[in-house]
1. Within the chain, what is the longest stretch that has no chymotrypsin sites (Phe, Trp or Tyr not before Pro) placed in a DSSP loop and near at most 14 other beta-carbon atoms within 10 Å?
2. So what are the ³J(HN,Hα) numbers for segment 130-142, from phi and the Karplus equation (6.51, -1.76, 1.60; θ = phi - 60°), rounded to whole Hz, Gly and Pro as x?
3. FRET efficiency for Lys288 and Leu323, Cβ-Cβ distance as r, R0 = 22 Å, nearest 0.05?
4. From the phi of every residue in segment 405-411, what ³J(HN,Hα) in whole Hz does the Karplus formula 6.51 cos²θ - 1.76 cosθ + 1.60 yield, where θ is phi - 60° and glycine or proline is x?
5. Enumerate by residue number the trypsin sites (Lys or Arg not before Pro) in segment 370-439 meeting two conditions: DSSP loop (anything except H, G, I, E, B), and at most 14 other Cβ atoms within 10 Å of the site's Cβ.
6. For a quick check: with amide H placed at 1.01 Å from N, whose amide H comes under 5 Å from Asp168's, ignoring anything fewer than 5 positions away on the same chain?
7. Okay, helix-only estimate at 222 nm for the chain: each DSSP H run of n ≥ 4 adds -39500 (n - 2.57), divide by all residues, round to 500 deg cm²/dmol; what do you get?
8. Report the full-extension gain for the segment Asp168 to Asp309: residue separation times 0.36 nm, less the Cα-Cα distance, to one decimal in nm.
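Laboratory data are not the source of any read-out in this text; all were calculated from the coordinates shown. Quantities reported herein were computed from a predicted structural model and do not represent experimental measurements. Don't worry about glycine lacking a Cβ; one is built from the backbone with ideal geometry, like all the others, and counts go over all protein chains shown.
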Amino acid sequence: MIYEKNSFIKDSGILGDKELDYYNRVSKDMDDSDASLALYQMSDFLSRYYGKKVIILLDEYDTPMQEAYVGGYWDELVSYTRSLFNAAFKTNPYLERGIMTGITRVSKESIFLDLNNLKVVTTTSDEYADIFGFTEQEVFAAMDEFGYDEKEEVKLWYDGFTFGKIKDIYNPWSIINYLDTGRVGAYWANTSSNNLVGKLIREGSQDIKQSFEGLLQGGMLVAAIDEQIVYNQISDDEDAIWSLLLASGYLKVLSVDDTEMRMGIGSVRYELTLTNREVRMMFESMIKGWFSGRSKGDYNRFIKALLSDDKKLMNIYMNKVALATIGYFDSGNQPSGSEPERFYHGFVLGLLVDLRGRYTITSNRESGYGRYDIMLEPQNKDDAAIIMEFKVYDEEDEKTLQDTVASALAQIEEKNYAQSLIEKGIREEKIRKYGFAFQGKKVLIG
């Protein structure tokens, strides 16, 4: 704690009795009022001790904001932080300069309403563009110094960041760890923004999950980007998640189209993809975590049963998985009740991770005369292809879940979902079709 590290001030003779009492109190414990003034008071003490104004460096200022949003105490944090920043930066006569770093632009945040003298530098700014990471020249020079020659592999893992007009910026934390160990791997994990990003993807709409499926498979998406993210509006704006992922370094810009903006009929559109292999590995690890705990073993057993076409075991394990995870995928601001959309797209993301390399997995794509829910196209033509259709039990039209299964299977046939597989040379007898019927958290597969 900063007060303990600067305890020499107490013996300097510059503090009065009340100031000493304050110093001793906040060194041990403090309430919100004391905490909101702590940086201001320390600025005063240090300024008097050294005879010059102080510089305050605040790293990852927005980490508490993300945790507050995820944890559900946003309003409380905003009230406290506004007081803290007002005292430390706005009305602090002992401040020479303050520098704050974070991944979210500050100008729209309510905690900064009083700070009208901020200079904001973002990922699209040209100023300091080559300072926020290592340039490719610096990385390759360091590798030469260490005697490492796998430059293309390192580029694949850690390159991809863009600041302003400068491309090929490498993640410095990962490069430092690589140089230390001599091994490529996912070093950039469990960072401050992961919880928020995971929540927004997990609880996001069908469209968000489907777009993310494409990203995991090496695809791209086009979105409008707003660098001024407002946390208490982030769940209501689907493009906000892509803005957050770009600001966090998880997405990179492939191209920019400002045609609509220049015509006055729209906004700038960004073509985005995952930044590099390390980022993809991080997301795959996060998705595996969604099926952790009690449901993980059942999920793995379901995958094995699916591959072996054991419908009895598929039903047993999918019911256990659904019971444990449907609420987890469906706990957003506008939960979908009994509808399986959020669950099955989260389920698809799990399939993408666990069956990568063996199947090409797609969802909600056109084939035949409609859009199937999930399709698994085998990489090895000797393996079976799989089509899955999800349906919710409708008590007005169906008497039992078995009727719902029959309706799902009938839709697969009527819409000829197998057509795209057949056109790719997969024999019809090698195509397995499953209907999933949902009634709340109960599932029947046929």
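1. 129-368
2. These are the phi-based 3J(HN,Hα) values: 9, 9, 7, x, 8, 6, 4, 4, 5, 5, 5, 5, 5 Hz.
3. Between Lys288 and Leu323 the formula returns 0.70.
4. Whole-Hz 3J(HN,Hα) from phi for segment 405-411: 4, 4, 5, 5, 5, 5, 5.
5. Lys381, Lys399, Lys424, Arg427
6. Those lying under 5 Å, H to H, from Asp168 are Gly160, Phe161.
7. After summing the helix terms and dividing by the residues of the chain, the value is -13500 deg cm²/dmol.
8. Extending this stretch completely gives an extra 46.1 nm.
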